[in-house]
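Enquirer: Input: one structure, supplied below.
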Amino acid sequence: MTAVRQDAWSTEDDLILAEVTLRHIREGSTQLTAFEEVGERIGRTAAACGFRWNSCVRKKYEAAIGIAKAQRQKRNYLKKQAPLSVSSGIASLTSVEVDDGGYRSDVVTEETISIDAVIRFLRGWKNTVQDTNRHVKLLEKELQEKDEELAVLREENDRLSAQVNEVQTDYRVVNDDYKALIQIMDRARRLAFLNEEEDESKSRFKMDANGNLERIE
């Protein structure tokens with residue numbers, strides 16, 4: 001039983017989806033069968049695999065899909081031609097005339113056509129494998145570049161976080177100093193006010209013309 005997962009698709013998931021789907025196309029199977037196989041392998045529903053293929057992955061493999069369809073046609077052609085080739089080969093062998101231990105040229109022609117078809121098929125398969133390998137290498141290179149970019153971004157994030165911590169520390173120090181200064185200024189104002197009141201409360205005297213002191217109100 002497959003489980004429905006809500007996490008994002010990874011590069012490995014996309015590669016599995018592409019490989020299995022292309023194989024089913026190449027072998028003449030249906031894409032639905034491919035999606036069901038992929039779903040069992042990566043723990044997703046067939047519907048989710050189909051949506052991912054049609055919305056994202058398919059666009060990256062247009063050339064590979066064309067090659068897979070061509071290989072499917074060759075595969076079907078070879079299947080249809082195989083019985084005819086065997087029958088023609090048997091008929092040629094039964095009617096062959098042996099001349100000094102050699103076969104007639106028409107028998108060699110039947111065998112040559114069959115071998116050429118196999119060679120063409122193998123060459124097409126080789127090209128597909130090479131194209132797939134090149135695509136995988138490109139994906140690996142792209143993934144490596146993304147990892148390097150991520151490492152740079154993480155380093156930059158760490159540097160900025162350190163700067164933010166330093167600014168926050170400086171702000172707390174300045175704020176504490178500011179509060180202390182405000183308290184000092186407030187105490188100084190209160191002391192100055194008290195001194196003024198004390199000065200005003202003290203009695204004042206002056207000397208008159210006879211040399212006597214008199215209070216000044």
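Enquirer: Of the residues Ser92, Ser85, which single one is out of contact with any strand residue (DSSP E or B) (no Cβ under 7 Å at 6 or more places or on another chain), open to solvent by less than 30 Å² (accessible area, probe 1.4 Å), modelled with pLDDT under 90 and among the polar types (S, T, N, Q)?
Expert: Residue meeting the stated conditions: Ser92.
Enquirer: Starting from region 42-62, keep only residues that are under 10 Å from Leu17 (Cβ atoms), then list their pairs with residues that are among the aromatic types (Phe, Trp, Tyr) and surrounded by fewer than 19 Cβ atoms within 10 Å (Cβ to Cβ) whose Cβ atoms are within a distance under 8 Å, requiring at least 6 positions of separation or different chains.
Expert: The qualifying pairs are Arg52/Trp9; Cys56/Trp9.
Enquirer: Quick one: which of Leu160, Leu150 is open to solvent by less than 90 Å² (accessible area, probe 1.4 Å), over 29 Å from Ala70 (Cα atoms), within 19 Å of the chain's Cα centre (by Cα) and free of Cβ contacts under 8 Å to residues at least 12 places away in the same chain?
Expert: The unique qualifying residue is Leu150.
The values are calculated or read from the model by the stated rules, or taken from the named source; none is laboratory data. Note that the coordinates shown come from a computational prediction; the quantities given were computed from them, not determined experimentally. Backbone-built Cβ (ideal geometry, glycine too); neighbour counts: all protein chains shown. The area values use the complete protein model at the heavy-atom level, side chains included, leaving out ligands, DNA and RNA. Shrake-Rupley method; radii C 1.70, N 1.55, O 1.52, S 1.80 Å.
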